[in-house]
Amino acid sequence: MDGRFESFTGLINKIAKSIRKIKTEEMSDFGIKSSHVSCVYYLYKQGDLTAGELCSFCDEDKASISRSVDFLQTNGYLEHENNGKKTYNKKLILTEKGKQLGEVISKKIDVVLSEVGSFMSSEERIVFYKTLSKISFELENITKNYGDK
């Protein structure tokens, strides 16, 4: 046994757990949860998006995005465009409060990424993300037919 499974899954789980913890701790002053950070971030970076588009960007299911959108809307961070479409197809728009939070989140992400990547050269970073993307793609291909059984 070479321990690749244990190393791979253990490291991926530790990374995911650390990211959730950073999101939670960094955003505690704003009263938002880890699950809300990505929604605000992508709306801030990409501009107005529908809930469906947010699902794709955040790689979350409809229910999770719906809960986040409801929370963010209730707390004044975003609003829906008013165009008569179904809620899921309406553009989500950050309010001024949401834009301010998006700026804070974006800056905090830049700091964390800078800190995390400080030991890598830009060439190493390119190889790392390329490899990680390939792993993600291959794992996604393996799982595509699992629901069809």
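The values are calculated or read from the model by the stated rules, or taken from the named source; none is laboratory data. Bear in mind the structure is a predicted one, so any value in this text is a computation, not a measurement. Counting neighbours? That spans all protein chains shown, and the Cβs are built from the backbone with ideal geometry, glycine included.
Does Asn141 qualify as being out of contact with any Leu (no Cβ under 8 Å at 6 or more places or on another chain) and at pLDDT below 90? So Asn141 does not fit the description; no. When Val37 is tested against the conditions (1) farther than 17 Å from Val112 by Cβ; (2) touching a Lys or Arg at 6+ places or on another chain (Cβ under 6 Å); (3) hydrophobic (A, V, I, L, M, F, W, C), the lone failure is (1).
Set side by side, the residues Lys62, Lys90, Lys97, Lys108 differ, and just one is surrounded by 10 or more Cβ atoms within 10 Å (Cβ to Cβ), touching a strand residue (DSSP E or B) at 6+ places or on another chain (Cβ under 8 Å), closer than 29 Å to Ile32 by Cβ and basic (Lys, Arg), which is Lys90.
With respect to the stated conditions, Ser68 is polar (S, T, N, Q) and either in contact with a His (Cβ under 8 Å, 6 or more places away or on another chain) or under 25 Å from Lys97 (Cβ atoms) (or both). It is to be established whether one or more residues within segment 132-141 are under 19 Å from the mean Cα position of the chain (by Cα) and assigned to a loop (DSSP other than H, G, I, E, B). Scanning segment 132-141, I find no residue that is under 19 Å from the mean Cα position of the chain (by Cα) and assigned to a loop (DSSP other than H, G, I, E, B), so the answer is no. Is one or more of the residues making up segment 70-80 of a type in the set (A, V, I, L, M, F, W, C), surrounded by 10 or more Cβ atoms within 10 Å (Cβ to Cβ) and in contact (Cβ under 8 Å) with a residue 40 or more places away in the chain? Within segment 70-80, one or more residues are of a type in the set (A, V, I, L, M, F, W, C), surrounded by 10 or more Cβ atoms within 10 Å (Cβ to Cβ) and in contact (Cβ under 8 Å) with a residue 40 or more places away in the chain. Given the criteria hydrophobic (A, V, I, L, M, F, W, C), within 22 Å of Leu132 (Cβ to Cβ) and part of a helix (DSSP H, G or I), does Val112 qualify? Yes: the conditions hold for Val112. Residues that are in contact (Cβ under 8 Å) with a residue 24 or more places away in the chain and farther than 19 Å from Ile12 by Cβ within segment 109-148 comprise just one, Ile109. So, of the residues in segment 96-122 that are modelled with pLDDT under 95, over 20 Å from the mean Cα position of the chain (by Cα) and of a type outside the set (Ser, Thr, Tyr), which turns out to be nearest to Gln46 (Cα to Cα)? By that ranking, first place goes to Met120. Only helices (runs of 4 or more DSSP H) whose full extent lies in segment 2-95 are considered here, and the ones with at least 3 residues that are more than 16 Å from the chain's Cα centre (by Cα) are 4-27, 62-74. Tell me, please, whether a residue that is of a type in the set (Val, Ile, Thr), surrounded by 11 or more Cβ atoms within 10 Å (Cβ to Cβ) and farther than 15 Å from Phe71 by Cβ can be found in segment 16-30. Yes: segment 16-30 contains one or more residues that are of a type in the set (Val, Ile, Thr), surrounded by 11 or more Cβ atoms within 10 Å (Cβ to Cβ) and farther than 15 Å from Phe71 by Cβ.
Remark: pairs (first residue in segment 1-26, among the charged types (D, E, K, R); second residue exposed (fewer than 10 other Cβ atoms within 10 Å of the Cβ) and part of a helix (DSSP H, G or I); Cβ separation under 6 Å; 6+ apart in sequence or on different chains) are absent. Filtered by the rule that a residue be farther than 15 Å from Asn89 by Cα, modelled with pLDDT under 95 and hydroxyl-bearing (Ser, Thr, Tyr), segment 42-64 gives a lone residue, Ser64.
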